[in-house]
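Taking it in order: structure first as structure tokens, then the write-up.
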Amino acid sequence: MAERRLQVTGRLGLHARAAANLVRVAGRFQSSLTLHRLDSDVEADAKSILSILTLAASRGTELRVVANGVDEQEALDAVVGLFSRDFDETERQDLERSSSATQELRCKGLGVSDGLVIGRVLRLQDGTREVYRAQIAEADIERERRRFRAAVRLSRRQLEAIKDRAEKELGRGHAYIFDAHLLFLEDAKLTRDVEDYIVKQRSNAEWAAKVVGDRLLSIYTQINDEYLRERGSDIEDVIQRLLANLTGEGPKYPNLSGDAVIVARDLLPSTIAELDLNHVKAIATDTGGWTSHMAIIARGLGLTAVVGLNEFYGRTRTGDQIIVDARRGEVILHPDPATVEEYKFTSGEHRDIAATVAGAVESGPVTTRDGVSIALRANVELPHEFQAVRNFGACGVGLFRSEFLLSRPGLMHSEEDQYQAYRALAEAAGADGAVVRLFDVGGEVGSEVKERERNPALGLRAVRFNLRNKEVMRTQVRAILRAAVGGRLSLVIPMIADVADVRLAQKVIAEELESLGSAKIPSAKVPIGAMIEVPSAVLTAEKIASEVDFFELGTNDLVQYTLAVDRGNDKVSDWFRTLHPAVLYGIQRTLEAAGAAGIPVIVCGEMASTPAYAVLLVGMGAIDLSMTPAMIPRVRAALAQIDTGEAREVAARCLGSATADEVEEIVRHEFRMRWPDLFPPRTLPKEPEPSA
Ligand code: PEP
Ligand code: MG
């Protein structure tokens with residue numbers, strides 16, 4: 001056994017980076033190597049980074065290093081040498097090596113919104129602020145540096161206060177993490193590099209802090225160690241604090257550079273709503289599916305999107321070059337120059353195609369070959385899309401997902417703001433009117449629900465959330481009833497499970513109408529509908545139909561809940577089968593129940609946005625479809641050339657099937673036979689992969 005006493009002399013203590021070097025050195029020897037704190041019983045295995053970091057050995061800590069084994073003396077000498085050289089502070093090298101790791105990397109995902117984009121990565125963490133790049137004038141460089149230093153000072157004061165409190169309330173052991181945060185904050189690697197970046201790149205301080213922070217993070221993400229990743233999240237935490245303090249104190253820079261590709265693990269729809277859409281070109285996320293809200297919004301806004309990229313986010317850094325190819329469901333990080341050239345050529349082609357589609361636009365309902373009139377409405381999420389209602393010839397707005405008015409979780413809009421938004425909506429929708437859905441939100445909105453639910457899709461969502469947060473609901477209802485004076489508005493209640501939900505919601509609406517009336521505030525009664533998207537609502541559709549003015553069929557959730565498949569989880573996307581017979585029965589049953597009660601049904605899930613599926617819906621009796629505005633011309637072109645009798649025959653065959661595969665095979669076969677020119681193979685369900 002060989003041993004030596006040592007003192008940690010590095011300014012940052014035995015921090016994660018130094019610990020990583022120690023692990024590398026220790027790993028070269030067969031002997032065991034342990035570190036013991038002299039002031040406590042804590043000891044650590046020098047070959048495990050996790051173990052080393054639990055020592056929390058700050059500057060001045062005294063340690064005993066013990067080596068035991070065949071090469072114990074060499075091992076001890078190597079470790080002592082490393083301590084004396086202050087752990088070969090090679091972060092600069094690491095940093096540079098990681099920044100130059102620019103090998104082309106291709107990742108497969110699911111293209112959910114068409115297009116091809118060549119741009120630069122802008123990493124977004126959920127729940128954190130987006131950062132814009134601004135080119136600043138030479139004369140403003142000093143100001144940016146001062147802003148940055150002020151943000152560092154403010155962050156330090158905040159962290160010291162947090163640390164003091166943590167020490168008092170939790171004890172020294174728990175407060176050391178804030179020591180680490182303070183050390184990160186004071187590390188010249190951060191502060192000097194940010195200032196250098198500001199000067200050399202003439203960048204605003206926010207962007208500089210983000211780019212440098214991302215680089216530092218990439219050091220941690222390269223090492224596959226959970227604890228280290230947590231240290232990475234400490235850095236992220238510090239950077240976010242800095243950014244919050246920067247944007248809180250200084251001006252905001254709305255001019256995001258023009259080719260941003262948002263890369264995120266997951267993206268809150270509300271985050272998309274906040275982006276500067278003139279500059280964001282595409283989205284690439286680790287999670288998500290075809291019907292996740294982020295995908296729906298991307299389609300609505302015409303933003304190219306690829307989702308389900310698994311561990312892609314961790315491999316990127318803000319500023320990296322990236323190609324997003326939704327047609328192939330692929331992203332390419334650090335593309336080779338040849339790849340960029342090839343894609344530049346194709347992306348030009350794509351733009352032309354997009355322009356032609358947007359060029360020719362008819363409006364009003366479409367009439368099938370046998371004279372059946374079918375309304376084609378628009379699904380709208382954001383006020384940006386109001387213009388699209390007219391541009392694509394929609395019969396008004398079949399579904400306004402009003403929750404996207406809420407700019408970020410926890411932030412409710414005032415009655416007046418909502419009133420203005422619904423008025424603008426009614427105006428954009430015109431004589432065909434618009435259906436406003438009551439907030440379809442889950443636990444992320446509102447101050448009462450702080451904890452994430454274990455099963456949010458089955459939790460306090462939609463109508464349930466509204467009934468538990470009546471003030472939120474009443475505010476929205478009042479705004480809708482007031483806006484209805486100036487235009488044709490209806491209101492739909494999301495995620496109705498049964499008649500009881502309908503009655504409770506109607507009671508609130510009736511109370512608000514009455515209270516507005518007695519206060520002499522102009523308001524109008526509106527038709528009230530129920531979203532049918534939960535199996536229990538399908539099974540009791542006749543009962544619900546007798547108590548509401550109309551139905552909206554939400555096929556996205558109907559698939560999710562009927563098949564028990566999370567619509568946002570890419571791991572189960574193979575089970576998300578829109579053409580599953582169980583889903584088709586549900587749709588047919590709902591349409592029949594509404595027909596018997598004499599109320600209309602608007603089919604508003606993504607199914608209606610897919611031309612072949614729209615034909616099937618018509619075959620089951622649907623005559624009112626609401627979809628992504630940009631898809632209206634294509635659905636119109638398909639429906640104008642079919643005969644509803646034929647569509648009924650195909651639908652009947654599908655309804656007689658036992659599996660989704662069978663239905664898809666029938667659709668491929670029948671559509672090719674009946675309408676060969678109308679439905680080329682890529683518009684039909686994909687052929688199954690040959691089984692191995
Ligand atoms: C649906 O569920 O099909 C629907 C239209 O609503 P959302 O996609 O917003 O849940
Ligand atoms: Mg829904």
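Between the alpha-carbon centres of the range 526-597 and the range 278-341 there is a gap of 31 Å. Spacing of the modelled spin labels on residue 39 and residue 415, each 7 Å from Cα toward Cβ, amounts to 6.0 nm.
Based on alpha carbons, the Rg and Dmax found for the range 452-541 are 14.1, 44 Å.
Longer than 24 Å from Cα to Cα, which of 47/163; 520/543; 108/686 are they? Say none if no pair is.
Details: 47/163 30 Å; 520/543 35 Å; 108/686 17 Å.
Flagged as over cut-off: 47/163; 520/543.
Dividing the convex hull volume of the alpha-carbon atoms in the range 507-562 by its residue count gives 91 Å³ per residue.
With only alpha-carbon pairs counted, each pair once and no self-pairs, how large is the Kirkwood hydrodynamic radius of the range 566-670 in angstroms?
Value: 14.3 Å, from the Cα pair sum.
Please check which bits of the range 175-216 a label hung off residue 24 would reach, taking the label as a point 7 Å along Cα-to-C-beta and the cut-off as backbone N under 17 Å. Output list for this probe position: 216.
Database remark: amide H of residue 532 closer than 5 angstrom to the amide H of 552, 553, 554 (H placed geometrically; neighbours at sequence offset of 5 or more, or on other chains; Pro and chain starts carry no H). Segment residue 161..residue 362, full-extension length gain: 66.1 nm, with 0.36 nm per residue of separation and the alpha-carbon distance subtracted. Once the Cα-Cα distance is subtracted from the 0.36 nm per residue extended length, the residue 135 to residue 643 segment shows a gain of 177.1 nm. Amide H contacts for residue 42 (H built 1.01 Å from N in the peptide plane; partners 5 or more residues away or on another chain; cut-off under 5 Å): 37. Remark: spin-label model distance residue 673-residue 652 equals 1.4 nm, labels positioned 7 Å along the Cα→Cβ axis. In order along the range 639-646, the phi-based Karplus estimate (6.51 cos²θ - 1.76 cosθ + 1.60, θ = phi - 60°) of 3J(HN,Hα) comes to 5, 5, 10, 10, 10, 5, x, 5 Hz; Gly and Pro are listed as x.
Across the range 469-474, coupling constants 3J(HN,Hα) worked out from phi with the 6.51/-1.76/1.60 Karplus curve, θ = phi - 60°, read 10, 4, 5, 4, 5, 5 Hz, and Gly and Pro carry x. Restriction of the trypsin sites (Lys or Arg not before Pro) in the range 486-556 to DSSP coil positions whose beta-carbon has at most 14 other beta-carbons within 10 angstrom yields 520, 525.
Coordinate-derived values only; no laboratory data. Quick caveat, the model's predicted, so the values are computed rather than measured. Note: ideal-geometry Cβ built from the backbone for every residue, glycine included; neighbour counts use all protein chains shown.
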